[in-house]
Amino acid sequence: MDDDFSSHLTDADFMAIAVLLAQKSYDEGGCPIGAVIVNNATNKIIGKGHNTLTQENHPYNHGETSAIRDAGRIDFSQTTLYTSLCPCVVCATLVYMRGFSRVVVGDITNALGTEALLQEQGVQVDILEDQQGIELYARFRAEKPEQDLEDWQGLSAVQK
Ligand SMILES: [Zn+2]
């Protein structure tokens, strides 16, 4: 991406990319949650990822952890994380422990509850509901309720 193109990308554009990553995961048979990390100064994407619970047989690699891993060992204090679904407690904790300045959440219809946790730790939280992402996650939850539950609470919750 050239600098001029990047500088014109909006929050809604980055959220649309996070939702495309969620769609990729859904198409792979996984949980449809995606995330991108953007450098606040350059407006460029420096990390991206999606949930890999089923694809990697990974019990906790969420969209957010996947994007953070992709970005690598950088200073996150001048970055924004865009996630297609409201973060779980583990991801919200990782976000403030790594010092992100801002999180943009694309879906508080299917999940919510960690905005206050992030705000209390000094992270700016903005809600930017993406209708396509909301519909995708709702479809996944209706089709694969056990996979959804496992992603949030583990197999012990599914076996109850
Ligand atoms: Zn998570």
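The table for this structure:
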| item | result |
| --- | --- |
| Qualifying residue in the range 31-39 (condition: over 26 Å from D4 (Cβ atoms) and more than 13 Å from the ligand (Cβ to nearest atom)) | yes |
| Residue match in the range 56-67 (condition: within 11 Å of the ligand (Cβ to nearest atom), open to solvent by 10 Å² or more (accessible area, probe 1.4 Å) and over 15 Å from W152 (Cα atoms)) | yes |
| Single match in D130, D126, D151 (criterion: surrounded by fewer than 16 Cβ atoms within 10 Å (Cβ to Cβ), on the phi < 0 side of the Ramachandran plot and within 14 Å of the chain's Cα centre (by Cα)) | D126 |
| Flag if R98 is of a type in the set (D, E, K, R), away from the ligand (no atom under 16 Å from the Cβ) and open to solvent by 30 Å² or more (accessible area, probe 1.4 Å) | no |
| Count of the range 1-32 residues which are within 12 Å of D130 (Cα to Cα) and of a type in the set (V, I, T) | 2 |
| Selected residue (criterion: surrounded by the fewest Cβ atoms within 10 Å (Cβ to Cβ)) from residues of the range 12-36 that are more than 9 Å from the chain's Cα centre (by Cα) and outside any helix (DSSP H, G or I) | G29 |
| Set T83, T109, T93: member being under 19 Å from I127 (Cα atoms), within 14 Å of the ligand (Cβ to nearest atom), without any contact (Cβ under 8 Å) to a residue 60 or more places away in the chain and of a type in the set (S, T, Y) | T93 |
| Residues of the range 40-53 satisfying the condition of being more than 15 Å from the ligand (Cβ to nearest atom), in a loop (DSSP other than H, G, I, E, B) and not aliphatic (A, V, I, L, M) | N40, T42, N43, K44 |
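The values are calculated or read from the model by the stated rules, or taken from the named source; none is laboratory data. Bear in mind that the values here come from a model prediction, so they are computed numbers and not experimental data. With ideal geometry, Cβ positions are generated from the backbone for all residues, glycine too; neighbour counts draw on all protein chains shown. Please note that ligands, DNA and RNA were not included when accessible areas were found on the heavy atoms of the full protein model with its side chains. Shrake-Rupley method; radii C 1.70, N 1.55, O 1.52, S 1.80 Å.
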